[in-house]
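None of the figures in this text is laboratory data; all of them are computed from the coordinates on show. Predicted model only: the values in this text are computed from it and were never measured. Heads up, the Cβs are rebuilt from the backbone with ideal geometry, glycines too, and the neighbour counts pull from every protein chain shown.
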Amino acid sequence: MAQHVLLIEDEPNIAEAIRFLLTRDGLRVSHAAEGAAALALLHRDPPDMVILDHMLPGMSGLEILSAIRADPASRDLPVMMLTARGRDREMAERAGADRFMTKPFANAEIVAEVRSMLGRG
Amino acid sequence: MPFNLLVLACFLYVAFLFTVAFVVEGRAAKGRLGWLRSPVVYTLSLSIYCTAWTFYGAVGYAARSGLEFLTIYFGPTLVFVGWWWLLRKLVRIGRQHHVTSIADLISSRYGKSNTLGVIVTVIAVVAATPYIALQLQSVVLSFGVFASAAPDGSRPLDPGQIAVWVAVGLAFFTILFGTRNLDAREQHHGIVTAIAVEAVVKLVALLAVGSFVVWGIAGGLADVIARIDAADLAAWQVQPGRWTGIIFLSAAAVICLPRMFQVMVVENEDEGHLARASWAFPLYLLGMSLFIVPIAVVGLERMPVGANPDMFVLTLPLAEGQGALAMLAFLGGFSSATSMVIVESIALATMISNHVMIPLWLRLRPAAAAADDLRSVVLMARRLAITAVLALGYGYYQLSGGSAALASIGLIAFLGVAQVLPVMLGGIFWRGATRTGAILGLITGLAVWAFASFLPSFGPGAVLPESVFTQGLFGQAWLRPHSLFGTEAMDPIIHALFWSMTLNGLAFCLGSLFTFPGPVERLQGAAFVNVFEGAVGPQRWARGRAEPEALLGMAQRILGEEAALSLFQVAARAQGKEGFLPDPTPAFLDSLEARLSGSVGAATAHAMISQLVGRATVTVEDLMAVASESAQILEYSARLEAREAELTRTAGALREANEKLTQLSLQKDAFLSQISHELRTPMTSIRAFSEILTEGDLLPELVIRYGRIIHDEAKRLTRLLDDLLDLSVLENGAVQLTLGLASLQGMIDTALTAARATRPEREFQVVRDLPSETIYIKTDADRLTQVFINLISNARKYCDAARPELRIAVRHKAGRVTVDFIDNGRGIPKGAQALIFEKFSRLTDANRAGGAGLGLAICREIMANLGGSVAYLPGQGGAAFRVTVPLRLETLAA
């Protein structure tokens, strides 16, 4: 069974690009555009890792990350944060993100990162 | 003897005096006074004590009262011989403190109080005016003697006219030589020398007349003595009380008379001159008095009964046919009168201008103190004051009608100025004397003198009503002018002398004992009383032990590093030395002190150099100067405080500006980070999909789809950049507006069409009221249309109603047009309404159509540029915006 990645991203075009890349790499991708839907999905269909955009409408990326880390079920879930603002890296790491990727990124780069986070060598 | 000859001689004599004064002034200006600075000139100038009152009047005095006239000479003699040390102290104080008049001395001693200066000035003017009138009268009388002696008597002479010409001539002379320059020491070499010449003329004339009387008329000394013995003069017997009183009075007068103070203290060149004068002046007085009794006795014998003994000096030679001698005597009397008037008016003018006019002028025009040339103002004040003094004297002469009332005015005037004596002596010998005491004493003395002596001299009923003489002031018997406190049957002048001096001294002492001197008063008091204990004369720097380095260090602290270095370098070079350290020569120390005092004040500069030079003792005078400077410093510090308050205000403004800048900087950071995000987002899509496309091996429909995404995102990127540029131009005010008349309806039509590109799939109901839109607005139509497009696009984007509807309402009033855009959506939540016009304040992302959140910010800037506004209109059901635009020109379309 394919490994499951939850993508939380509000920009539809970016979400579509990532979904295409990861699906092509043999992963199952589910997508949410904002925090509440994402957390609901997390409970309903627990993923193997999360890709989380930083700037989201409503609940921000950092808030979603704290919610993930607060829940014992998802405390150790690998999380990769995406951001369009360079300065947010430090805050993201302190909030408990495992990886960090700045937009725009190379396709090979994000695929490789996801692979390594999922232990797929 | 022809009268015309007399007038001619008079003119020639005056011209001679002018020449003397002129030549001496010229030599003084070149600093070549030579023998003119001798003690002889000083002594002779003191002779202005002997006025016409003495020259003519002494004989009359002797004819009426015998030897009592001698008391007038005894007083000064006692002072010069016995109180020599007192005069020396006065002269020393005068030199050290640059005293310009007796009023200045008193005012300066009592804490530089101008009130005292004014009081003394008033006393001096009141006492001197009748005295000046007396001089004018004597000149008129002596002219009259010659006129009546003229054989044809063809020259009827108007005495008033003579008095006018004499007064005018004297004013002219005094102004010419008395106000030539404004020396700090108020010295007038030309006048002093002219006075000395006049003194010689006086003495020679009187001696000549006396010799003629003794050896020409009488048969030598033995004969004269025999005649004197035989004469039945009224008062051969000495009245001890009156004699003591008058000796005291004339002694006081020789110190206190303004003209005596002028020649004795102010015009003094050298303290040593006083030593010579101490015996030479009494000798002069002896010469003046030598032949008085013989002239009086022979005159009484020879002249017809009823002849005025005051004029014996003139009438005796005339009666004996000695025209030339009479002429000499006339010139002697003329000299006595003119010299007195000249010096007196200079002294009074100095007081009046320094203590009354200039303070008044400075008070009326405070700004003038710094701005105007005070020098010319002071000189003008002097000239006015001289004119005023002589006018007063002339006026008094006219009012008194040249009557005998003037004859008695001499002693009364003496008593008037003697009121200054207690305050003056107290001031220079008693440190406890205070300003309040001095004011009380002077006013008491002035009042008693006026009431008991001066006003009664006009006669009963003239100034004081007769009832005051008989029943006393306010009917109080103890307040009768000649019987104060019930002292009956006293000689009036002795009575007034006794009471005025007693009450004056008492008020002065008690006032001083019961009040406390201020700090400046105490310092001045010490400086005056201990004048001989301080340094002698103006200090010059001896070659001290000062280290040049120490001096340089001090100068740098005061003048600043560069200025001090260049000062020292210049001085060193002048001494032929390299580098920055000149030898501490007296000349260098002097120039350094002068330079420093420009910055920190004379006293402080002096004290600082004193310390470095090793003369550590700071004299009382130094302290005094520091004290007076500290007054200036207080004022300066008040100014500093004001400046500090200003600085505080400036600092506050700066802090505010800084906070604003910090805030702006934070906003800018946030803005840049927002832009970065807005740019990176489309870039991410474009990069990702373009990589996917280049890899190939893709379904054709996906190729098309991804190509379109790339295209859309590129457009979004372009729009964002356009918006940013637009906003930047609008915000900087660099926008070029193209003004013109445009139809509102047309603009709304254009905007609706353009906005249809936003979410073209939605069908929007637009409600308009076309007639209200038929307005022409003078504005930049493109920009206003851009605002409309933004608002309509926003409505198309964000209105979430099932059947979206946009209502456009136009209203115009008072030169402004409002256009409302109201949709039927949920509107904007209250808390967010304030934010929507900020950059990147996108509220919801649900229906984002590629906007970067700059639209409303751009609208706001455009409307600001068009002189209007755009605002959110709450309470309209849906989202509502009101655009207000000025209607520059309005016409109704057909």
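Observations
- Taking packing as the residue-averaged number of other Cβ atoms within 10 angstrom, the listed peptides B:392-400, B:10-18, B:680-688 run from highest to lowest as B:680-688, B:392-400, B:10-18.
- Counting Cβ atoms of other protein chains within 10 Å of each residue's Cβ and taking the mean over peptide B:763-774 gives 0.
- Per-residue Cβ neighbour rank within 10 angstrom, fewest leading, A:HIS4, B:HIS355, A:HIS31: A:HIS4, A:HIS31, B:HIS355
- Diffusion coefficient, µm² s⁻¹, Stokes-Einstein with Kirkwood Rh over alpha-carbon pairs of the range B:630-727 at 20 °C and 1.002 mPa s: 115 µm²/s
- Prolate/oblate/rounded label for the range A:4-117 (Cα gyration tensor, a/c 1.5): rounded
- Cross-link check: pairs B:LYS660/B:LYS813; B:LYS660/B:LYS830; B:LYS668/B:LYS813; A:LYS103/B:LYS668; B:LYS668/B:LYS830 evaluated at a Cα-Cα cut-off of 32 Å; pairs beyond the cut-off: B:LYS660/B:LYS813; B:LYS668/B:LYS813.
- At full extension, B:ARG655 and B:VAL766 could sit 34.8 nm farther apart than now, given 0.36 nm per residue minus the alpha carbon distance.
- Under the combined filter of DSSP loop state and at most 16 neighbouring Cβ atoms within 10 Å, the range B:732-776 retains these GluC sites (Glu not before Pro): B:GLU761, B:GLU763.
- Taking the range A:4-117 and dividing mean pair separation by its residue count, relative contact order in percent (alpha carbons under 8 Å, at least six apart): 23 percent
- Mean per-residue shielding of peptide B:676-683 is 5, counting Cβ atoms of other chains within 10 Å of each Cβ.
- Packing-based ranking, highest mean first, of B:877-887, B:40-50 given that Cβ atoms within 10 Å are counted: B:40-50, B:877-887
- Residues B:LEU672 and B:VAL735, FRET efficiency given R0 of 22 Å [Cβ-Cβ distance, rounded to 0.05]: 0.45
- Per-residue mean of C-beta atoms belonging to partner chains within 10 Å, peptide A:99-109: 4
- Inter-label distance for B:ASN114 and B:GLN239, nm, one decimal - labels placed 7 Å from Cα along Cα-to-Cβ: 4.5 nm
- Each principal axis of the Cα cloud of the range B:736-886 was evaluated for its coordinate range; sorted largest first, these ranges are 39, 29, 28 Å.
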